[in-house]
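The structure appears right after this line, and notes come after that.
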Amino acid sequence: MCDPIAMIGATVLGAAQQAQQAQQAAAQQSSHAWQAAYQTAFQTAQARNAATVSEYNAQDAERRGAVEEERQRRKTSLLLGTQQARFAAQGSDLEGSPLDLLGDTAAFGEQDALSIRYQAAREAWTQRLQASSQNAQADFYTASMPPWVANPDPGLGIARSLLGGSTGVFKFT
């Protein structure tokens, strides 16, 4: 009928095949876990870098705004000087309408300078808001990382400290 040795052999062979398949599945699952973990670490680094760039852009917007604001004030000052010179060349005494015109010029020039400052501050705020969002995204990625990626092999640090502490035992003089 059935050979008992053949049946045992088939059973052992079947068990070995199942064990090999389980080992392959575990290795594949582990590989996928590592890939996902490193993808998360990469996304974390990307989000942190993007946040840093956004902060640099915010600082740049503030610097550019300050330069443009000062440039606008200089333009207004030059315009006021030109207007005063024209009024003086016409023989005006700078009272009444000419004085009102000079006041309006100064007010509009200052309004333009403050508008430039406001736009720069708004751009910087937008960049900082974006940086904050990117840092929050990076924090989310960091929190979702498995501990063995966030803190790789803490036992290795213990081994290094033990080996580092025992190097004095093997000194050669």
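The values are calculated or read from the model by the stated rules, or taken from the named source; none is laboratory data. For clarity, every value in this text was computed on a predicted model and none was experimentally measured. Every residue, glycine as well, gets a Cβ built from its backbone with ideal geometry; the counts of neighbours run over all protein chains shown.
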Residue 61 vs (1) modelled with pLDDT under 95; (2) of a type in the set (A, V, I, L, M, F, W, C); (3) under 20 Å from the mean Cα position of the chain (by Cα): all pass except (1)
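Quick one: count up the residues across the range 17-55 that are farther than 25 Å from residue 131 by Cβ and in contact (Cβ under 8 Å) with a residue 24 or more places away in the chain.
Going residue by residue through the range 17-55, those that are farther than 25 Å from residue 131 by Cβ are 17-37.
Still in the running and in contact (Cβ under 8 Å) with a residue 24 or more places away in the chain: 33, 37.
Residues in the range 17-55 being farther than 25 Å from residue 131 by Cβ and in contact (Cβ under 8 Å) with a residue 24 or more places away in the chain: 2 in total.
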Residues in the range 33-43: is at least one under 37 Å from the mean Cα position of the chain (by Cα), part of a helix (DSSP H, G or I) and under 27 Å from residue 123 (Cβ atoms)? yes
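I'm checking my understanding of the structure. Among residues of the range 72-106 that are among the charged types (D, E, K, R) and in a helix (DSSP H, G or I), which one is nearest to residue 118 (Cα to Cα)?
Top of the filtered list is 73.
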Cβ pairs under 9 Å, 6+ apart or interchain, first in the range 93-104 and under 19 Å from residue 78 (Cβ atoms) and modelled with pLDDT of 90 or more, second not in a helix (DSSP H, G or I) and not charged (D, E, K, R), ordered by first then second residue, are 102/94
